[in-house]
Amino acid sequence: MERRTIGATALDVGAIGLGCMPMSWAYSRSEQRGDRSLRTVHAALDAGVSLLDTADMYGPFTNELLVGRALKERRSDAFVSTKCGLLVGDQHVVANGRPGYVRRACDASLRRLQTDVIDLYQLHRADPEVPVEETWGAMAELVSAGKVRALGLCAVGAGAVRRGADLHEGTIRQLERIQQVFPVAAVEAELSVWSQEALARLLPWCAARGVGFLAAMPLGNGYLTGTLTPGGGFERDDPRARHPRFTAEMMAANQPIVAGLRRVAARHGAEVTPAQVALAWVLGLGRHVVPVPGAKRERWAVENARAAALRLTAEDLTEIAALPAPRGSWD
């Protein structure tokens, strides 16, 4: 598989990562099975994927434990990215950016992951009660201590969109502040064919500074795979059950997007899927971009990895650019 680097630190990763969150958090919990998930991680590593993306809040904690089982056998094959800064309680999530907590969280993640060092340690969300420079300074100390190789930041959530503000304005302000404390190696934010907001300011910001970009949800929470049926329903605790774009009406209205990806895939052969086209589109946005699709099954992890070999033509890109804008229930 093609190799890419994360930021100025030149940390080497495969062109496509594996988002481990769905294996033990949120999506379709009835299908979350440890042994099958472990096989999925191994299948991804066998297919050339190296970046494994997790967080202490996923589970909470069980996702890191799962990844740790794989790392125990194959640490040299993996680039480990995990996150701190969010605490999960009953029906709520709160931020904690206190330096003491950050240090304790890192030590706990190292134990669960069964490793001596985390390749990329990301701040999941800034704590509004703690200056982000203080949190970032504590994370920088972890690099000096040899517990972490590089630091990353997850983008602020999408709530600002509904207020008409620039989606990533808050994230860029945070990046400008913490960059004065310690170099940012990577930014993780949603980016896909149907969620292109990062193209306006955030992706250029990263490119101009040699910062890697981890494209979260590059398959549109599964919609761009073409495997979801409008009106098919989701489990009650699946976040898509409450997402405006996943109502039966909006899933049907957005079918032309999937149809366009299918047309492009067909030009490249019967074995090429809409999901692979969607991932190839993200890969084409820059050498600093690494899509991190989630997967629960071996089949999907391997299919996603093979997207790294797909090269879209000018005709393909023109057709994708002409696809209708995605709709949601607030449109």
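The values are calculated or read from the model by the stated rules, or taken from the named source; none is laboratory data. Quantities reported herein were computed from a predicted structural model and do not represent experimental measurements. Quick reminder, even Gly has a Cβ in these numbers, built from the backbone with ideal geometry, and neighbours come from all protein chains shown. Keep in mind that these areas ignore ligands, DNA and RNA; they rest on the heavy atoms of the full protein, side chains included. Shrake-Rupley method; radii C 1.70, N 1.55, O 1.52, S 1.80 Å.
For the reader, a short list of remarks on this structure follows.
- Model label points for residue 209 and residue 145, set 7 angstrom from Cα along the Cα-to-Cβ axis, are 2.5 nm apart.
- Beta bridges assigned by DSSP with both partners in the chain are antiparallel in approximately 25 percent of cases.
- Inter-probe distance in nm under a simple model that places probes 7 Å from Cα toward Cβ, at residue 248 and residue 287: 5.0
- Accessible surface of the stretch 255-298 [probe 1.4 Å, protein heavy atoms]: carbon and sulfur percent: 50
- Entry comment: accessible area of the stretch 31-113 is 42 Å² per residue, from protein heavy atoms only and a probe of 1.4 Å.
- Heavy atoms of residue 320 accessible to a 1.4 Å probe, total area in Å² rounded to 10: 10
- For the chain, the relative contact order is 21 percent, taking Cα pairs closer than 8 Å that sit 6 or more residues apart in sequence and dividing their mean separation by the residue count.
- The angle between the Cα long axis of helix 34-46 and the main principal axis of the chain comes to about 80°, on a 0 to 90 degree scale.
- Of the residues 135, 247, 229, ranked by 1.4 Å probe accessible area with the largest first, the sequence reads 229, 247, 135.
- With all protein chains in place and a 1.4 Å probe, the accessible surface of the stretch 1-135 carries 49 percent carbon and sulfur.
- Accessible surface area normalised per residue over the stretch 168-254 is 41 Å², counting heavy atoms of protein chains with a 1.4 Å rolling probe.
- Listed by chain and number, the aspartates and glutamates placed with their C-alpha closer than 13 angstrom to that of residue 83 are 53, 56, 64, 107, 119, 188; residues fewer than eight positions away on the same chain are left out.
- Using a Gaussian network model of the chain in which every pair of alpha carbons under 10 angstrom is joined by a spring, one finds that among 124, 168, 243 the greatest mean-square fluctuation is at 243.
- The label point for residue 196 and the one for residue 88, both projected 7 Å from the Cα toward the Cβ, are 3.4 nm apart.
- Judged by the ratio a/c of the largest to the smallest principal axis of the C-alpha gyration tensor, the stretch 1-135 counts as oblate, that ratio being 1.5 or greater while a/b is no larger than b/c.
- As a rough guide to protection, the peptides 303-311, 177-185 ranked by mean Cβ packing within 10 Å, highest first, stand as 303-311, 177-185.
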